[in-house]
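Trainee: Supplied in structure tokens, the structure appears directly below.
The values are calculated or read from the model by the stated rules, or taken from the named source; none is laboratory data. The structure displayed is predicted, hence computed values, not measured ones. Every residue, glycine among them, receives a Cβ derived from its backbone with ideal geometry; neighbour counts consider all protein chains shown. For accessibility, only protein heavy atoms count, side chains too; no ligands or nucleic acids. Shrake-Rupley method; radii C 1.70, N 1.55, O 1.52, S 1.80 Å.
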Amino acid sequence: MTQFENKVCIVTGGASGIGAKTAEMFVQRGGQVVIGDVNDEAGEGLAAAIGDKAVFFHLDVSDPASCEAAVDLAVARFGSVDGVVNSAIKMAPGPLKDLAHADWNLVLEIGLTGSFLMSQAAGRWMIDNGRKGSIVMLSSNGGRNPYGMSGAYSTTKAGLIMLAQHLAIEWAQYGIRANAVCPGHTETPLTAYLQDPEIKQARSDVTPLGRVGQPEDIANGILFLLSDEADYVTAATLDIDGGIAKSVMNHMPGRKWS
Ligand SMILES: NC(=O)c1ccc[n+]([C@@H]2O[C@H](COP(=O)([O-])OP(=O)(O)OC[C@H]3O[C@@H](n4cnc5c(N)ncnc54)[C@H](O)[C@@H]3O)[C@@H](O)[C@H]2O)c1
């Protein structure tokens, strides 16, 4: 029996990057997936490439009706919803002094509120239908560590850690687990600057494991949290970052490490 046989997962932001790789690997391991995204072209292309165990849905996570419709589609096409991966994001970087109200709202609405709405829609179905489930939030190193220009993003990502913990505690009684992953720099369309070989090398040099992350590195952690092997794991936060978030003391001027 394969790992995700008879399991159905909705992946938001599933048309690109980490979400796309997670969708692909979920199906490779026997599951069925709803790829939810506002990017129709990329999403439809990915679903076609994966095959009949994948379906694309035009999902806008900021719209509760759209999230409910994604659940309806998963149930109609594949029979259930067992997992949710909340990967959708929009960036609006800028210093907090100047950040526009609309930009602040955009990042929080898609990253944080969208994850709540999608989790709520799926969780309601699981609870009403007596199904266990697993919800994974895409937080970030930024959710634990502030950095330049990322006030709205990091606040969103910190909120996702607490949202996962809240859902975990509220819904443990239904057998629904919720966890967060914190990727470090990972090569996706979101981090196009990593295409610059100098930046990529410099980032690799400051990462304890010596390289930047790939989408499959993050997907492997997400799939673990979705799987029955993580049956006793809830309210947890998993760093998947080559160790970089814990390496700040390595970079203090004047310290000797070798
Ligand atoms: N790439 C990294 O270095 C990195 C690091 C830490 C955390 N993360 C997090 O991982 C997640 C995935 O990142 P990625 O690098 O794969 O990004 P990405 O830009 O490749 O993919 C994000 C997807 O979200 C979709 N999206 C945007 N608005 C949406 C909406 N309203 N409804 C549904 N989908 C919407 C986009 O169309 C896109 O396909 C994000 O939450 C990101 O914050 C990424």
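Trainee: What number goes with the only condition from (1) aliphatic (A, V, I, L, M); (2) more than 10 Å from the ligand (Cβ to nearest atom); (3) touching a helix residue (DSSP H, G or I) at 6+ places or on another chain (Cβ under 9 Å) that residue 168 does not pass?
Mentor: Only one criterion in (1) aliphatic (A, V, I, L, M); (2) more than 10 Å from the ligand (Cβ to nearest atom); (3) touching a helix residue (DSSP H, G or I) at 6+ places or on another chain (Cβ under 9 Å) is unmet by residue 168, namely (3).
Trainee: Kindly indicate the residue of the stretch 103-132 that is of a type in the set (Gly, Ala, Ser) and under 16 Å from the mean Cα position of the chain (by Cα) and also surrounded by the most Cβ atoms within 10 Å (Cβ to Cβ) among those meeting that condition.
Mentor: Only one residue tops the list, namely 115.
Trainee: Here is a list: 122, 92, 88, 76. Which entry is in contact (Cβ under 8 Å) with a residue 40 or more places away in the chain and out of contact with any strand residue (DSSP E or B) (no Cβ under 9 Å at 6 or more places or on another chain)?
Mentor: 92
Trainee: Also, I was wondering about something else. Within the stretch 61-80, take every residue that is in a loop (DSSP other than H, G, I, E, B) and within 14 Å of the ligand (Cβ to nearest atom) and give me the one that is farthest from residue 129 (Cα to Cα).
Mentor: Among them, the one singled out is 62.
Trainee: Tally up the residues in the stretch 23-60 that are crowded, with 24+ Cβ neighbours inside 10 Å, within 9 Å of the ligand (Cβ to nearest atom) and either part of a helix (DSSP H, G or I) or hydrophobic (A, V, I, L, M, F, W, C) (or both), please.
Mentor: Count: 2.
Trainee: Can you tell me how many residues in the stretch 225-258 are small (Gly, Ala, Ser) and open to solvent by 40 Å² or more (accessible area, probe 1.4 Å)?
Mentor: 2
Trainee: Sticking with this structure for a sec: Are any residues in the stretch 139-157 outside any loop (DSSP other than H, G, I, E, B) and either open to solvent by less than 40 Å² (accessible area, probe 1.4 Å) or in contact with a Cys (Cβ under 9 Å, 6 or more places away or on another chain) (or both), and if so, which ones? Don't jump to the end; show me each part of the working.
Mentor: Applying the first criterion (outside any loop (DSSP other than H, G, I, E, B)) to the stretch 139-157 yields 141-143, 150-157.
Result: 141, 142, 143, 150, 151, 152, 153, 154, 156, 157.
Trainee: Which condition number in (1) within 14 Å of the ligand (Cβ to nearest atom); (2) within 30 Å of residue 5 (Cβ to Cβ) is the one that residue 133 fails?
Mentor: Residue 133 satisfies all of (1) within 14 Å of the ligand (Cβ to nearest atom); (2) within 30 Å of residue 5 (Cβ to Cβ) except (1).
Trainee: List every residue pair whose Cβ atoms lie under 8 Å apart, where the two residues are 6 or more positions apart in sequence or sit on different chains, the first residue falls within the stretch 126-138 and is part of a loop (DSSP other than H, G, I, E, B), and the second residue, located anywhere, is among the hydrophobic types (A, V, I, L, M, F, W, C) and open to solvent by less than 10 Å² (accessible area, probe 1.4 Å).
Mentor: What qualifies is 131/81; 132/126; 132/176.
Trainee: Pull up the stretch 163-220, narrow it to residues that are β-branched (Val, Ile, Thr) and without any contact (Cβ under 8 Å) to a residue 40 or more places away in the chain, then point me to the one that is most open to solvent (accessible area, probe 1.4 Å). Working first, answer last.
Mentor: Within the stretch 163-220, the subset β-branched (Val, Ile, Thr) is 169, 176, 181, 186, 188, 191, 199, 206-207, 212, 218.
Still in the running and without any contact (Cβ under 8 Å) to a residue 40 or more places away in the chain: 191, 199, 212.
On the way: 191: 16, 199: 62, 212: 5 Å².
Per the stated criteria, the residue is 199.
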